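The values are calculated or read from the model by the stated rules, or taken from the named source; none is laboratory data. Predicted, not measured: the structure shown is a model, and the values here were computed from it. Cβ placement follows ideal geometry from the backbone for every residue including glycine, while neighbour counts extend to all protein chains displayed.
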């Protein structure tokens, strides 16, 4: 994607950004995001009994994420503000 991981963003930073944006901006479920990012299941019985993979949901999540990144790469949306400057 053209990011310099030595000077612009780390792998961990990119994962943190993805986790936040997928949930807050794109409305994805946190438990599906965690599986997508290969994070450990946080509930106490998760590793012993939770065998979910959310594969269908993870596949569906990738298109909105790719669209979001493509949109950011193309340039920000500029929303004109009404009213006086500086307020």
How do the pairs read when you match residues in the stretch 1-24 that are closer than 22 Å to residue 59 by Cβ with residues anywhere that are in a loop (DSSP other than H, G, I, E, B), using Cβ under 6 Å and keeping only pairs 6 or more apart or on different chains? 15/37; 22/28
Restricting attention to the stretch 16-30, report how many residues are farther than 15 Å from residue 68 by Cβ and either out of contact with any helix residue (DSSP H, G or I) (no Cβ under 9 Å at 6 or more places or on another chain) or crowded, with 16+ Cβ neighbours inside 10 Å (or both). 1
Conditions (1) surrounded by 10 or more Cβ atoms within 10 Å (Cβ to Cβ); (2) within 21 Å of residue 2 (Cα to Cα); (3) at pLDDT below 75; number of the one not met by residue 46: (2)
